[in-house]
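What follows is one structure encoded as structure tokens, with my remarks underneath.
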Amino acid sequence: MKNVLLLTLLSVLLSCGSATFKKDEVTSIKRVAIVAYSIPEKIEFRDDPKQQNKPGVMDLVKMVAKNFTEVDGQKAAELSYNEFVKSINTSTHLPFKALTLEELRKNAKFQELVTSTLKKETPVAAEATGWMGTLQSFANTKDAPSSTTVAGIATFGIDKNWQDSDALMKTEKEKEFLKKSLEILNVDAIMVINDMGYSFSCEACIGGTGSASTGSAFNVTLINKEMKSVMNVRQWFGFSKASAPIVTGIIPPPMYEKLFIAHGGKMASEFISETETQLK
């Protein structure tokens, strides 16, 4: 019985958000740039934004929606990103402001860095065949969804595990990009956001009909000029402040925009609230 209670408590704790802050370093930061923001390439319905590929009551809705709904992931990312930046820059509870997407796009050197970093590499060896090719194919299948982002910044993939302590994918390419971004943009810190849980959610549905919103499970990492992580925030939400009608699993496409804007706003409010608490 005691073990069951402990496991239940652990499950509850893991489902909550968390944060690690280096308070003195964070309060000294005045200007940041969000240089990497990753969301799933396909935004689909999920019963729980913290879990991937988990079957549940929305399975029928997902099947129907896949046949009728096409979501521009890059557009969704841009709307959410812009609202997140807007919320940060109008907040009175943060020590820093963020560069806008327009400012980042106007920086030619940064745009060259983004383009060169995200350019697909040409294979240097012929594809293996036979049993070796089968093994390599199996090894390269990581069961991770593809990521997308805003045109003008970077993405390095979707983290499969929301419980990870930060937003980084920890590849050499990512590390080099972040280092060069700090040099080019001349900001106090850069921010990376990995929203692995960006998804549609059914707020009040019966048989796939009712009210839809979006959910999120995201990680935010802030890196200073010394390439040290000074802030890690992990949070989630099941619904934003916006909703749209859903009929048999279909959300009218004209309603997408307000859902994606509200998604960025809700993500920002969770981030700002956590930061304010940690800096008290």
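The values are calculated or read from the model by the stated rules, or taken from the named source; none is laboratory data. The model shown is predicted, which means the values in this text are computed figures rather than measured ones. For neighbour counting, all protein chains shown are included, and Cβ atoms are generated from backbone atoms with ideal geometry for every residue, glycine included. Please note that ligands, DNA and RNA were not included when accessible areas were found on the heavy atoms of the full protein model with its side chains. Shrake-Rupley method; radii C 1.70, N 1.55, O 1.52, S 1.80 Å.
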Check: Looking at this structure, is SER165 open to solvent by less than 10 Å² (accessible area, probe 1.4 Å), among the hydroxyl-bearing types (Ser, Thr, Tyr) and within 16 Å of the chain's Cα centre (by Cα)?
Finding: no
Margin query: Conditions first: (1) touching an Asp or Glu at 6+ places or on another chain (Cβ under 7 Å); (2) modelled with pLDDT under 95. LEU168 passes all but one, so which condition is the exception?
Written below: (2)
Check: Does the stretch 150-196 hold any residues that are touching a Gly at 6+ places or on another chain (Cβ under 9 Å) and in a strand (DSSP E or B), and which are they?
Finding: ASN194
Next item on the list: Considering each residue of the stretch 197-212, count those that are in contact with a Cys (Cβ under 8 Å, 6 or more places away or on another chain), part of a strand (DSSP E or B) and open to solvent by less than 10 Å² (accessible area, probe 1.4 Å), and give that number.
Entry: 1
Check: For the stretch 1-55, which residues satisfy the criterion of being at pLDDT 90 or above, polar (S, T, N, Q) and either open to solvent by 70 Å² or more (accessible area, probe 1.4 Å) or on the phi > 0 side of the Ramachandran plot (or both)?
Finding: THR20, SER28
Next item on the list: Six or more apart or on different chains, Cβ under 7 Å: which pairs go from a residue in the stretch 67-79 that's farther than 14 Å from PRO40 by Cβ to one that's modelled with pLDDT of 90 or more? Could you list them?
Entry: GLU78/VAL150; LEU79/GLU257; LEU79/PHE260; LEU79/ILE261; LEU79/GLY264
Note to self: So the check is Cβ under 9 Å with 6+ separation or different chains; which pairs have a first residue in the stretch 83-109 that's touching a residue at least 24 places away in the same chain (Cβ under 8 Å) and assigned to a helix (DSSP H, G or I) and a second one that's open to solvent by less than 20 Å² (accessible area, probe 1.4 Å) and of a type in the set (Ser, Thr, Tyr)?
What the structure shows: PHE84/TYR37; LEU101/TYR81
Check: Is there a residue in the stretch 253-262 that is in contact with a helix residue (DSSP H, G or I) (Cβ under 8 Å, 6 or more places away or on another chain) and under 19 Å from GLN51 (Cα atoms)?
Finding: no
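Please go through the stretch 149-183 and pick out each residue that is closer than 19 Å to THR100 by Cβ and touching a residue at least 60 places away in the same chain (Cβ under 8 Å). Steps first, please.
Here is the first cut: in the stretch 149-183, the residues closer than 19 Å to THR100 by Cβ are 149-155, 181-182.
Result: THR149, VAL150, ALA151, ILE153, ALA154, THR155, SER181.
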Check: Checking LYS266 against (1) assigned to a strand (DSSP E or B); (2) touching a residue at least 24 places away in the same chain (Cβ under 8 Å); (3) open to solvent by 40 Å² or more (accessible area, probe 1.4 Å), which test does it fail?
Finding: (1)
